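The next block holds one structure in the form of structure tokens; read it before the comments.
The values are calculated or read from the model by the stated rules, or taken from the named source; none is laboratory data. All values derive from a computational prediction rather than experimental measurement. With ideal geometry, Cβ positions are generated from the backbone for all residues, glycine too; neighbour counts draw on all protein chains shown.
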Amino acid sequence: MSIIILLFILILAAFLSLFLGTFPISPVEIIYTIIGKNVPDTYRTVIYDIRLPRVLFAVAVGSGLSVAGASYQSIFKNPLVSPYILGVSSGAAFGAALAILLHQNVYVMQTFAFFFGILATLLAYFLAKEKGRVPVLSLVIAGVIVNSFFQALVGMAKYFADTQNQLPSIVFWIMGSFSGVDWDNVSVLIVILVGIGVMYAIRWYLNIMSMDDEEAKSLGVDVDKFRKVIIVVSTLITASAVSVVGIIGWVGLIIPHVSRLIVGPDNVKVIPVSILLGGLFLLIADDLARTITTGEIPIGILTSLVGAPFFAYLYHLQRR
Amino acid sequence: MKLKVKNLYFGYKKSFKVLKDITFSLKQGEIFTLLGPNGSGKSTLLKCINKLLKPQKGVVFIGDKNINELNEKELAREVSYLPQEHNSSFPYTVLDIVLMGRAPYIGLLSSPSKKDVMMAKKAIETVGMTDLINKPYTELSGGQKKLVLIARALAQDAEILLLDEPTNHLDFKNQYVILSRIKKLIKNRGLSAIMTLHDSNLAMIFSDKVAMLKNGKIIAYGPVEEVMNERNLKELYEMEIEIFNIENRMIVLPKLNTLTER
């Protein structure tokens with residue numbers, strides 16, 4: 001039931017988000033544009049090539065990060081884990097910084113961010129691997145190592161960057177933004193959506209993956225293989241998202257939490273609710289990011305700014 | 001024979017064997033108890049039967065099938081396992097936990113069907129937990145948690161139950177309650193069970209067969225009446241032990257004065 005309501009709210013919010021933006025078009029003209037009446041070409045460009053991809057990306061990235069977070073929380077058997085635990089965000093940040101230092105264009109930067117994000121996760125994974133098994137604790141430790149290593153590299157990149165252009169670019173990239181999103185990134189959108197689809201399909205098994213490894217095995221689940229699949233899918237989702245929009249915190253951590261508060265811990269319900277709630281959360285956050293001020297507030301800052309007090313409130317509610 | 005373990009060896013390292021030349025068998029409807037001091041290899045043996053650990057040598061047969069020929073799901077349809085320590089990081093309901101027992105029958109891309117939910121509910125009813133079906137597992141007492149896990153094992157619909165210390169963390173009464181229920185279920189349904197216990201008296205009451213495990217070796221194996229004697233128990237635990245017959249009930253007690261001497 002809550003799923004149908006959420007789906008309705010999400011579609012409505014996505015539709016209304018098309019009306020928001022700095023370019024002055026009246027709501028009536030927007031509706032004319034959508035229903036295909038004769039309007040200036042600029043209107044079509046603004047709606048279909050600027051606002052629509054941005055809305056779709058905000059929803060997809062929010063959903064993707066939330067699903068990746070929920071699945072990581074299951075396989076790490078810990079509700080306080082984020083999709084960045086294995087180093088994908090630090091790796092991507094270094095990739096982006098490196099591309100900026102090398103004066104590359106935005107597409108090279110996205111590619112670098114994507115592959116360094118994947119590289120960081122692979123490093124963490126193989127660091128944790130012992131005798132064909134990948135214990136959770138080893139993964140957590142490997143994640144800490146890889147994260148701090150790539151953060152140090154990002155620090156170094158900042159140190160060597162020229163302070164006129166490169167340093168601000170790196171800093172702004174890390175804070176995240178949807179402003180650079182357009183239809184050229186559609187492949188990223190597809191990867192995220194496919195990843196979400198896979199997680200949705202295996203969502204019941206996430207329950208079993210959140211049990212002890214031996215227990216899950218005795219229930220007939222090939223734990224190591226399953227964990228590998230989940231890490232691969234989550235990493236693809238997260239690396240794709242981060243490579244285009246930068247590092248957006250809190251969503252992957254907080255949304256699965258809120259979802260569990262609403263529907264309980266069963267992932268059969270948590271995953272769809274996370275998908276819808278995550279999409280909605282980031283959509284609204286991005287709407288705020290592009291409308292509160294005449295410039296843009298970095299989305300990563302906004303999610304934490306909204307996320308932290310909201311989480312504090314939920315935590316307070318839960319403990320009462 | 002429902003289950004046969006033949007010449008099984010296991011070690012975490014090559015040089016040091018935790019289990020040495022273990023051989024025993026189990027018939028349908030039998031409850032088989034492994035007794036032995038801490039670290040004697042009881043849990044390790046259970047895990048070898050369940051393929052959680054891989055033996056260095058030896059074979060385990062279920063019916064006439066070598067377990068190495070079964071994949072995870074096939075094995076889970078034959079053998080269910082009650083872990084020694086258990087908790088959950090997430091407050092799943094009793095029903096959620098018991099439903100996990102249906103995993104061997106549910107496709108990787110599917111969720112439990114109505115039939116699975118029905119079977120889980122039936123298993124919960126069997127252990128008498130229907131009132132608590134929607135309660136978070138994490139809020140249950142130790143005894144209730146054990147019952148839920150037993151229900152999950154039943155939902156798993158396997159004919160062999162491996163129970164790793166089913167009585168640990170249970171109070172005096174609950175130890176008897178849980179073992180009585182397990183025994184009743186095994187006998188009524190023609191299942192078989194292997195369990196590890198620390199209490200010789202519980203082993204005498206609730207098992208058909210006993211194996212005594214010391215330093216990874218079986219030092220005595222057979223029907224309870226034959227194996228549970230003072231000589232064997234003394235050798236097993238390296239302490240003076242007396243067995244009393246009180247109104248036809250055999251009771252194992254240590255000789256107290258010999259304990260303080262050490």
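Could you please let me know if B:Glu72 is within 14 Å of another protein chain (Cβ to nearest Cβ) and touching a strand residue (DSSP E or B) at 6+ places or on another chain (Cβ under 8 Å)? Outline the logic, then answer.
On the way: within 14 Å of another protein chain (Cβ to nearest Cβ): yes; touching a strand residue (DSSP E or B) at 6+ places or on another chain (Cβ under 8 Å): no.
For B:Glu72, the condition - within 14 Å of another protein chain (Cβ to nearest Cβ) and touching a strand residue (DSSP E or B) at 6+ places or on another chain (Cβ under 8 Å) - is not met.
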Response to the item:
Within region A:187-229, residues away from chain B (no Cβ under 12 Å), touching a helix residue (DSSP H, G or I) at 6+ places or on another chain (Cβ under 8 Å) and of a type in the set (A, V, I, L, M) come out as A:Val188, A:Leu189, A:Val191, A:Ile192, A:Leu193, A:Ile196
Response to the item:
Pairs returned, first residue in region B:98-126 that is free of Cβ contacts under 8 Å to residues at least 60 places away in the same chain and away from chain A (no Cβ under 11 Å), second residue that is part of a helix (DSSP H, G or I) and surrounded by fewer than 19 Cβ atoms within 10 Å (Cβ to Cβ), beta-carbon separation under 6 angstrom, 6 or more apart or interchain, are B:Ile124/B:Thr130
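Yes/no per residue for (1) crowded, with 17+ Cβ neighbours inside 10 Å; (2) closer than 18 Å to B:Ser192 by Cβ; (3) more than 12 Å from chain A (Cβ to nearest Cβ):
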site: B:Lys135; (1), (2), (3): no, no, no
site: B:Thr138; (1), (2), (3): no, no, no
site: B:Ser141; (1), (2), (3): no, no, yes
site: B:Lys146; (1), (2), (3): yes, no, yes
site: B:Leu154; (1), (2), (3): yes, yes, yes
site: B:Leu161; (1), (2), (3): yes, yes, no
site: B:Asp164; (1), (2), (3): yes, yes, no
site: B:Leu170; (1), (2), (3): yes, no, yes
site: B:Tyr176; (1), (2), (3): no, no, yes
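So that you can scan it fast, the table gives a plain yes or no per residue for (1) among the charged types (D, E, K, R); (2) touching a helix residue (DSSP H, G or I) at 6+ places or on another chain (Cβ under 8 Å):
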residue	(1), (2)
B:Ala103	no, yes
B:Ser110	no, yes
B:Lys115	yes, no
B:Lys121	yes, yes
B:Asp131	yes, no
B:Asn134	no, yes
B:Leu140	no, yes
B:Asp164	yes, yes
Response to the item:
When region B:82-106 is checked residue by residue, the ones that are outside any helix (DSSP H, G or I) and over 16 Å from A:Leu206 (Cβ atoms) are B:Leu82, B:Pro83, B:Gln84, B:Glu85, B:His86, B:Asn87
Discussion item. Suppose the filter is within 17 Å of the chain's Cα centre (by Cα), among the charged types (D, E, K, R) and at pLDDT 95 or above; does B:Arg77 pass it?
Written reply: yes
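In this structure, does B:Leu202 turn out to be under 30 Å from B:Pro223 (Cα atoms), in contact (Cβ under 8 Å) with a residue 12 or more places away in the chain and within 14 Å of another protein chain (Cβ to nearest Cβ)? Break it down stepwise before answering.
Values: under 30 Å from B:Pro223 (Cα atoms): yes; in contact (Cβ under 8 Å) with a residue 12 or more places away in the chain: yes; within 14 Å of another protein chain (Cβ to nearest Cβ): no.
Against the criterion (under 30 Å from B:Pro223 (Cα atoms), in contact (Cβ under 8 Å) with a residue 12 or more places away in the chain and within 14 Å of another protein chain (Cβ to nearest Cβ)), B:Leu202 does not qualify.
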Worksheet item: Any idea which of B:Lys183, B:Lys173 is over 22 Å from B:Gly63 (Cα atoms), basic (Lys, Arg) and outside the structural domain of B:Val252 (by TED's automatic domain parsing)?
Response: B:Lys173
Item to complete: Report, ordered by the first and then the second residue, all pairs with beta carbons closer than 6 Å, sequence separation of six or more or different chains, a first member in region A:253-270 that is facing another protein chain (nearest Cβ under 10 Å), and a second member that is of a type in the set (S, T, N, Q) and not in a helix (DSSP H, G or I).
Response: A:Val268/B:Ser111
Practice prompt. Can you work out which of the residues in region B:28-49 that are out of contact with any helix residue (DSSP H, G or I) (no Cβ under 9 Å at 6 or more places or on another chain) and within 14 Å of B:Val210 (Cβ to Cβ) is farthest from the other protein chains (Cβ to nearest Cβ)?
Written response: B:Phe32
Item to complete: Test B:Ile31 against the criterion of being more than 24 Å from B:Leu236 (Cβ to Cβ), assigned by TED's automatic domain parsing to the domain that holds B:Lys217 and touching an Asp or Glu at 6+ places or on another chain (Cβ under 9 Å), and give yes or no.
Response: no
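Show me the helices (runs of 4 or more DSSP H) found entirely inside region A:141-253 where at least 3 residues are surrounded by 18 or more Cβ atoms within 10 Å (Cβ to Cβ) and among the charged types (D, E, K, R).
Values: elements: A:166-175, A:186-201, A:203-209, A:213-218, A:223-245.
The qualifying helices (runs of 4 or more DSSP H) are A:213-218.
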Worksheet item: From the list A:Leu65, A:Leu86, which residue is in contact with a Ser or Thr (Cβ under 6 Å, 6 or more places away or on another chain), among the aliphatic types (A, V, I, L, M) and more than 14 Å from every other protein chain (Cβ to nearest Cβ)?
Response: A:Leu86
